[in-house]
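J.: Structure incoming, see below.
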Amino acid sequence: MGNLAGALTLHAEETALVGELRAGSEEAFAWLIAHYHQPIYSLLARTVRNRADAADLTQEVFVKVFRGIKGFHGDSSLRTWIYRIALREAANQHRWWMRHGQQEVPIEQEITPCDGKTPVRVADMLVDPSESPYDAAVRVESRARLERALRQVPEPYRTTMILRDVEGFVYEEVAAMQGVNLGTVKSRLVRGRACLRKLLTSSLPAAAPGMKLSLREEAR
């Protein structure tokens, strides 16, 4: 009963939010952007070729949410609808890049250390002070290897893995966002994880001590 009551409460809250969005409430849109901007950007940053494009696409997603909210009829959750828009924008960007942008050099918004070694993101530099320099280096390198390998996993397996293994959505949500059935989601995860594992094991002669895959590899 507790779960049912919680679900009903969430549904009522979402219905109220959608009503305010349709009415043009600036406060409701401000809340929506504050709540979803970072997750949507995180998804797109792993899906498209560079973070500058991800930032632009994130803004475009919310423009389309603003313009299309009156057409949202509650057939799925609001979150699923927003993520579906984001995935469609990423797919459009990918098609454009395949036609026009393959000769462009992607610009990654990262910080290059003064010693000229591999660029790192600011977030990767905020390590636990209790870590030794070796442990910190292994962790950063492991994450960088994982991100590089993930970008090489072909679509649609990569996006399915991002939604399930990185963003943590359940199978039903992933299926709704991608417009496929549960069997297809599970099949894509199996093939995508196998591809990622192969990429990771073949990228170096041997894995560094203590290296662990941060994505949840095992099916749940």
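The values are calculated or read from the model by the stated rules, or taken from the named source; none is laboratory data. Keep in mind the model is a prediction, meaning the values are calculated, not measured. Every residue, glycine as well, gets a Cβ built from its backbone with ideal geometry; the counts of neighbours run over all protein chains shown. Just so you know, the surface numbers come from the protein's heavy atoms only, side chains and all, with ligands and any DNA or RNA stripped out. Shrake-Rupley method; radii C 1.70, N 1.55, O 1.52, S 1.80 Å.
J.: Any residue at all in segment 65-74 that's open to solvent by 70 Å² or more (accessible area, probe 1.4 Å), at pLDDT 85 or above and more than 22 Å from residue 41 (Cβ to Cβ)?
T.: Within segment 65-74, one or more residues are open to solvent by 70 Å² or more (accessible area, probe 1.4 Å), at pLDDT 85 or above and more than 22 Å from residue 41 (Cβ to Cβ).
J.: Which residues, counting only those in segment 44-54, are surrounded by 15 or more Cβ atoms within 10 Å (Cβ to Cβ) and touching a residue at least 12 places away in the same chain (Cβ under 8 Å)?
T.: Within segment 44-54, 44, 46, 47, 48, 49, 50, 51, 53, 54 qualify.
J.: So, residue 20, is that one among the acidic types (Asp, Glu), over 22 Å from residue 175 (Cα atoms) and at pLDDT 90 or above or not?
T.: The answer is yes for residue 20.
J.: Scan segment 89-105 and tell me whether some residue there is touching a residue at least 12 places away in the same chain (Cβ under 8 Å), among the β-branched types (Val, Ile, Thr) and either open to solvent by 30 Å² or more (accessible area, probe 1.4 Å) or assigned to a helix (DSSP H, G or I) (or both).
T.: no
J.: Name the single residue, out of those in segment 136-186 being hydroxyl-bearing (Ser, Thr, Tyr) and touching a residue at least 60 places away in the same chain (Cβ under 8 Å), that is surrounded by the fewest Cβ atoms within 10 Å (Cβ to Cβ).
T.: Once the filter is applied, the top-ranked residue is 142.
J.: For segment 11-43, what are the residues that are part of a helix (DSSP H, G or I), loosely packed, with under 14 Cβ neighbours inside 10 Å and free of Cβ contacts under 8 Å to residues at least 24 places away in the same chain?
T.: Correct list: 11, 12, 13, 16, 19, 26, 27, 30, 34, 35, 38.
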